[in-house]
1. Identify, please: which residue in region 400-413 is modelled with pLDDT of 80 or more and part of a loop (DSSP other than H, G, I, E, B) and is, among those, surrounded by the most Cβ atoms within 10 Å (Cβ to Cβ)?
2. Please state which of the following conditions D196 fails to meet, knowing it meets all the rest: (1) open to solvent by 20 Å² or more (accessible area, probe 1.4 Å); (2) more than 16 Å from L224 (Cβ to Cβ); (3) modelled with pLDDT under 90.
3. Name the pairs: first residue in region 83-109 and at positive phi, second residue modelled with pLDDT of 80 or more and open to solvent by 20 Å² or more (accessible area, probe 1.4 Å), Cβ to Cβ under 9 Å, at least 6 apart or on different chains?
4. Which pairs have Cβ atoms under 7 Å, sit 6 or more apart or on different chains, and link a residue in region 142-156 that is under 19 Å from S221 (Cα atoms) and open to solvent by 30 Å² or more (accessible area, probe 1.4 Å) to one that is at pLDDT below 90 and not aliphatic (A, V, I, L, M)?
5. Take region 414-427 and flag every residue that is under 21 Å from the mean Cα position of the chain (by Cα) and open to solvent by 30 Å² or more (accessible area, probe 1.4 Å).
6. Please verify whether region 92-111 includes one or more residues that are assigned to a loop (DSSP other than H, G, I, E, B), surrounded by fewer than 17 Cβ atoms within 10 Å (Cβ to Cβ) and at pLDDT below 75.
7. Any idea which residue in region 6-56 is surrounded by the fewest Cβ atoms within 10 Å (Cβ to Cβ), counting only those that are part of a helix (DSSP H, G or I), of a type in the set (G, A, S) and at pLDDT 75 or above?
8. In region 343-356, which residues are over 16 Å from G316 (Cα atoms) and either at pLDDT below 90 or open to solvent by less than 30 Å² (accessible area, probe 1.4 Å) (or both)?
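The values are calculated or read from the model by the stated rules, or taken from the named source; none is laboratory data. Please read all numbers here as calculations on a predicted model, not as lab measurements. We place every Cβ from the backbone using ideal geometry, glycine too, and count neighbours over all the protein chains shown. Heavy atoms of the whole protein, side chains included, go into the accessibility calculation; ligands, DNA and RNA do not. Shrake-Rupley method; radii C 1.70, N 1.55, O 1.52, S 1.80 Å.
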Amino acid sequence: MQGKGFIRFFLVLLTIVCLIQYLFILPTNKVEKNAEESAVEKSSGITDEAELRTEKKRFVTRYLDSMSSEEILSIPLIGSYTYEELKKQQLALGLDLKGGLSTVLQVDIRKFIEALSEYSEDAQFQQALEQASERLKETQTDYVTLFAEEYAKVGSEGGLAQIFTRNEGLRDEISFNTTNREIINIIRQKADETVDLTFKRLKDRIDKFGVTQPNVSLDESRDLILVELPGVSNPERARNYLQATAKLEFWDIYRATDRGIMEAFRAADEKLKATVGNQDEEELAVDSIMEYEYDSLGNIIDSAMVAQESDLIEKGPLTQLMDLNKVAGGQLTMYRSVVGMAEKNKKQQIQEYLNRPEIKKLFPKDVKFLWSSKPSKDFETGEYTDRFMLYAINTEGNPNEAPLEGDHVVSAAPQPDPQTNEVTVSLRMDKTGARTWAKMTTEAYQDNEREIAIVLDDEVVSAPSVNSPITGGNSSITGDFSIQEAQDLANILQVGKLPAETSIIQESLVGPSLGKDNIRSSITSLLIGFGLVLVFMMLYY
């Protein structure tokens, strides 16, 4: 009897687990089916097969992204679930079931060491690097160890100190008296940190790639990163994406109170009504007008948004998707550097509207819109929301090249502000960067302490206001950071200065047909096995 009770218990438990999994799978399958149908409909006019596959995949990804934060399942007394939450709780399908791309990436420590040396052309140094690279092809040892062994054969004691003291960022740790062994230890520490940061950064990138349930793992002993991307249909795009490096930029910024910005948003909303269609919703809101202060020559020297009474405002395509920054109760509803906010799944549609040629003409020609890297926080609870901030970047006519980029950052470190106890990230620039930074911050300070946007991979990490000109090359970044967030940002900025490139050394592409065959065989064997167990239990008990 005890045996029967034990078996019954596990039978009930197995049934409950299966039902829960089906409860997670069915709603998401419905959403994915709708995504496929929508993609087929939108790409129906495409005749080229290769282009058709690419466009269908793009439409499916866009649809699923738009549904990511939408509630698709509600269980009374238990809770409600979004598409993204349900996908996270499902069992992940690997490459054998779903097909896709499997790659092994080698973090290029040779280029990292060359960057640390400021690309020294010392003959012994280059010879040691070359010989270490050759040995790396045939051994499991890490590159720094191989380099140390090869330099010991061809180099002189103290030779590494003469090479690495050229790097301004290492002068606090390396002097002309530092031994080769000590320098190798410093290189190994920085290489390990950079490999770990490259791994973390790669995971962040892959999360934004649009692949469901990817697998990313790190082999620390060999500086290898294993990446499995189930369901990838464009391997070339995935390869380029995986091997890209982080891009750090510093940009000037437009404020919501600047002339022509919010007026352009309202004009864009009206223009979109004519092309996209009118919306039925209305909102009771406080409108605002711009008041300007002039000097004796009639030039504008200051401006402010002033509240005025407003009637019901009909929402247009943009204001249906996002909230614009405006004056309410005599104050802006958001930071003055923010032009609007929107939920995560609305960002792509908003960006598409803003990128339309007829809409771009309404804004100043040097505006580029970028989203915040993190969602905003609720002012009352301090918790993160699902709403991201939109910034209007001032490109000054060159959207592809920032006034200051991350290759001029010598060092970065987290540091608490002794006056406010706020955690900041301190930066130190090289000479060229210091001159550019002094120019940018002086102009921003003189322009009513304007903000400067710090952008990483086309997302705004922080947009601090400039309280005073920074002329010495040293500055700090504020952004409501925790200690860990400040440390991560400092590390990322360091990686921007010392990039660790990756190269694919092994790759395999698993076709979806193999996955379908595996799923079909697995389901067949599962049903047969389950049936045999039921028959056995009925006959035996």
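1. A402
2. (2)
3. G100/E228
4. These pairs meet every condition: D142/S221; D142/R222; D142/D223.
5. Answer for region 414-427, where residues must be under 21 Å from the mean Cα position of the chain (by Cα) and open to solvent by 30 Å² or more (accessible area, probe 1.4 Å): just P414.
6. Yes, region 92-111 has at least one match.
7. The extreme case among them is S38.
8. Result: K344, N345, Q348.
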